[in-house]
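Reviewing the structure listed below.
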Amino acid sequence: MPQQLQKKVKVLIVDDSALVRSILEAGLSKDPMITVVGTASDPYVARDKILELGPDVLTLDVEMPRMDGVAFLQRLMPQFPLPVIMVSALTERGKKITMDALEAGALDFVTKPSTGVSRGLNAMMSDLREKVKIASMADVSHWQNHKYAKLKIQQEAQVLSGGTDKVVVIGASTGGTEAIRTMMKMFPASTPGVVIVQHMPPGFIEAFAESLNNQSAMNVKEAETGDRIIPGRVLIAPGGKQMTVYRSGGVYLARIFEGERVNGHCPSVETLMNSAAEHVGDNAVGVMLTGMGGDGSKGLLAMRQAGARTFAQDEKTSVVFGMPKVAYEIGAVEKLLPIDAIVPAVLKSFE
């Protein structure tokens, strides 16, 4: 991890299954920098234990009786903002609830193994230990007194046709789903084509895109090879695959392919931004959002050197000021901006 933990991370495990609580506690306790301070069988017990034990991070089951994880988050976050990692099932319902949980304030998630339980469990626990430590350094204070809006944006009637001479390229990791959602709500339907890499495992991007599509004036979808990058459309790289952009005649297209991890990630922001630097050049605008590590920093620098405008999320509004900080420090970023100011800056750069 780029940052060193100063003290042990105190974790509270919330799950209705005694077996799962036991497995999670044993798995998390393998890390000398993590201590499980308690477990809770449901959100009502969890509420009391949060006050009693003062955990740094919660792990929360997506689906529980009495109160599901989303309802619990909607009550918890405005009163006691805490970094929360969801433990999700790979079912369609599980994916949907996980996306709702991220919208309600959860920081990240891990998926329960569906096959090869022993091997899958080891991978899941390794992932969970890493994400718990990252979460302990995240700033979620902006959720204090948060009001959950039920507003759905009306999709503007639009014809998705023609080419685009501009492309918006966005990269994000931890905390990025919230930052991307903020941007998507602000982009008008006439915005040039947008391509996004958000670090996420396979199987969840479709649900994420559908959720964004319901709240955006743009058309949001999981990217497929051959998708045209056109005004009014947002393409998000599928989990577990790489995405690049290329030009064919007068149009830009997306290419999705099986590829090696880059900077430890698939999809990788680096891969996408390097392709934008090569094939889109000064017709692109690059944006680096909240996230741990430095994936995409060199790609964003390549974009800037190719003439693209480049922006990154500032420390105050980033959940984890890792990716934007690294990009800024190597000269890849023109301006660090609060999340609400990034869309106006992007749109102004097209004038």
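Side notes on the structure shown:
A quick yes/no check of all residues on (1) part of a loop (DSSP other than H, G, I, E, B); (2) touching a Leu at 6+ places or on another chain (Cβ under 8 Å); (3) among the basic types (Lys, Arg); (4) outside the structural domain of Val333 (by TED's automatic domain parsing):
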| residue | (1), (2), (3), (4) |
| --- | --- |
| Met243 | no, yes, no, no |
| Tyr246 | no, yes, no, no |
| Gly259 | yes, no, no, no |
| Asn274 | no, no, no, no |
| Ala277 | no, no, no, no |
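Per-residue answers, yes or no, for (1) small (Gly, Ala, Ser); (2) under 24 Å from Asn283 (Cβ atoms); (3) outside any loop (DSSP other than H, G, I, E, B); (4) without any contact (Cβ under 8 Å) to a residue 12 or more places away in the chain:
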site: Ala179; (1), (2), (3), (4): yes, yes, yes, no
site: Ile196; (1), (2), (3), (4): no, yes, yes, no
site: Pro201; (1), (2), (3), (4): no, no, no, no
site: Ser211; (1), (2), (3), (4): yes, no, yes, no
site: Gln215; (1), (2), (3), (4): no, no, no, no
site: Glu224; (1), (2), (3), (4): no, yes, no, no
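- Filter pass, Ala46 being assigned by TED's automatic domain parsing to the domain that holds Val110, surrounded by fewer than 16 Cβ atoms within 10 Å (Cβ to Cβ) and within 16 Å of Val87 (Cβ to Cβ): no
- Residue in region 255-266 that is surrounded by 23 or more Cβ atoms within 10 Å (Cβ to Cβ) and either in contact (Cβ under 8 Å) with a residue 24 or more places away in the chain or within 24 Å of Asp340 (Cα to Cα) (or both) present: no
- Odd one out for Val57 among (1) out of contact with any Phe, Trp or Tyr (no Cβ under 6 Å at 6 or more places or on another chain); (2) more than 24 Å from Lys316 (Cα to Cα): (2)
- Any hit, region 116-124, residues being among the polar types (S, T, N, Q), within 20 Å of the chain's Cα centre (by Cα) and assigned by TED's automatic domain parsing to the domain that holds Tyr44: no
The values are calculated or read from the model by the stated rules, or taken from the named source; none is laboratory data. If you're wondering where the values come from, they're calculated on a predicted model, not measured in any experiment. As a convention, Cβ positions derive from the backbone with ideal geometry for all residues, glycine included, and neighbour counts pool all protein chains shown.
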